[in-house]
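Visitor: Below you will find the structure I want to go over with you.
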Amino acid sequence: MPTSDAELDSEFTSAARQFWCILGHTRSECTSNDDKLATLHVAVACAYDRFQALSAHAGKDQETRLKAHFAAHILSGRMREFAGYIEALIRCTFDEIALHGSKCVRNASVVLSESLSDSCQPTYTLWRRLHSLNWHSFIGNTADVVARESIRHCVSQMCHDCHESPVYPKIDLWRQGPLNHCMHILESGCTDVTCEVLPKQAMICIVDEIFLDLRLNELYDIIADFPDSICAVVELRTVLARTQQYVRFADRMHSVLHQRLLHPGANTSQIIDVYVSAVKLIRALKLGGNWLELVAQPIRSYLQKRKDTVRCIMSSLVDKASPGIDIESQQGGLPGFSTSHCDQASSASAILPALMCVYGSKDIFVREFKSSLASRQVSTTF
């Protein structure tokens, strides 16, 4: 071990020169990520060995000081470039472990295979060395951003466009297994998952937020497919209850319905069908009348301006010969909906009050409906 600060500075400068000289071979834009990562393995291994030799006889306090000094020499002025390599490493780690794990979960297995563990040993070793050198403390923001992007990609692979069967139990198994394993490597550089790095609740919150965001992006399809999408709705209800992001959900639903429906290009029958499905969905989510009113009011106002609204409602009710519809016996308006059962949300008699509320009054709707029905009967007779 060098005995003077000048000798240490000289050794650290030499190590920094060697580190970036090795990485310099991968600066070409045509070099693949695999080549860059292979070179990063070599560069970090060389830097790690140099430091171990230089600090062989240092005490614990002195070793901590030397690590800070060493990192300053290696990374000073090159943090952005170094972050680029770390970003590629994080993506590679998620591809090897978390993404592979998501495929295992889809196949009803959450145990990482021995072959996978063997293939990941170089990645494990690289992360252990980065943590041993305390270089991980310089990449916190990059790690957080890229890890979230990678988690989002994995969750999306498991739930994208899958509305008719449960997917969250698989995502939860993946969180407990492959994702937990992956985050331990990133956060601590070790593979011992018995040592908790991130609190369980924090990981649940991260996955819930990403899952909710993905489902909100698919919200129109979930509405249009209801009740076939009831599994997706039940899982959405569970995640909303945990995250309490009801305002975000209502804003998204209001926005997507406005963009997809409230314009001249959408025909009235389509608007009515999606409006009814939206009412059913909100009831299945067990939200109160205020949330329903917030989402439904813009659609009702728009439908009131269309001349064929009553005719389309009548066609929807009469042409389909919906059983159990008794206009005169329906009582109450939108706030009176029961939210006890999802199957009730699908019945025509349970949805009829929503159609009545298009005109703001049961009496107005009944009058318009009778008039339209009479005209229809006359035209059919003659």
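Visitor: Cα-Cα over 28 Å: which of 286/307; 280/307; 305/370; 280/305?
Guide: Violating the 28 Å limit, Cα to Cα: 286/307.
Visitor: Just to confirm a number: summing +1 for Lys and Arg and -1 for Asp and Glu over residues other than residue 182 whose beta-carbon lies under 12 angstrom from that of residue 182, what do you get?
Guide: Spelling it out: positives minus negatives among the neighbours equals -1.
Visitor: Count charges around residue 40 for me, please; just the other residues with Cβ under 12 Å from its Cβ, Lys/Arg as +1, Asp/Glu as -1.
Guide: Taking every other residue near residue 40 into account, the sum is -2.
Visitor: In the neighborhood of residue 292, defined by Cβ-to-Cβ distances under 13 Å, what is the net charge if each Lys or Arg adds +1 and each Asp or Glu adds -1?
Guide: Charge balance near residue 292 sits at +3.
Visitor: What order, most packed first, do the peptides 39-46, 284-291 have when packing is the mean number of other Cβ atoms within 10 Å of each residue?
Guide: 39-46, 284-291
Visitor: Per residue of the stretch 36-47, in order, report the coupling 6.51 cos²θ - 1.76 cosθ + 1.60 (Karplus, θ = phi - 60°) as ³J(HN,Hα) in whole Hz, putting x for Gly and Pro.
Guide: 3J(HN,Hα) across the stretch 36-47, in whole Hz: 4, 5, 4, 5, 4, 3, 5, 5, 5, 4, 5, 5.
Visitor: What FRET efficiency do you get for residue 46 and residue 306 if R0 is 45 Å and r is their Cβ-Cβ distance, rounded to the nearest 0.05?
Guide: Using R0 = 45 Å, I get an efficiency of 0.05.
Visitor: Please provide three numbers in whole Å: the alpha-carbon extents of the stretch 138-188 along the principal axes, with the largest listed first.
Guide: If we take the Cα atoms of the stretch 138-188, the spans are 44, 19, 9 Å.
Visitor: Within the stretch 223-284, what whole-number % of the accessible surface is contributed by carbon and sulfur, with the 1.4 Å probe and all protein chains included in the calculation?
Guide: The value for the stretch 223-284 is 50 percent carbon and sulfur by accessible area.
Visitor: Rank by packing, highest mean first: peptides 298-305, 262-269, with packing defined as the count of other Cβ atoms within 10 Å averaged across residues.
Guide: So the order, starting with the most tightly packed, is 298-305, 262-269.
The values are calculated or read from the model by the stated rules, or taken from the named source; none is laboratory data. What you see is a predicted model; the values in this text were computed from it and never measured. Cβ sites come from the backbone with ideal geometry, for glycine too, and all protein chains shown count toward neighbours. Surface areas here come from the heavy atoms of the whole protein model, side chains and all, with no ligands, DNA or RNA. Shrake-Rupley method; radii C 1.70, N 1.55, O 1.52, S 1.80 Å.
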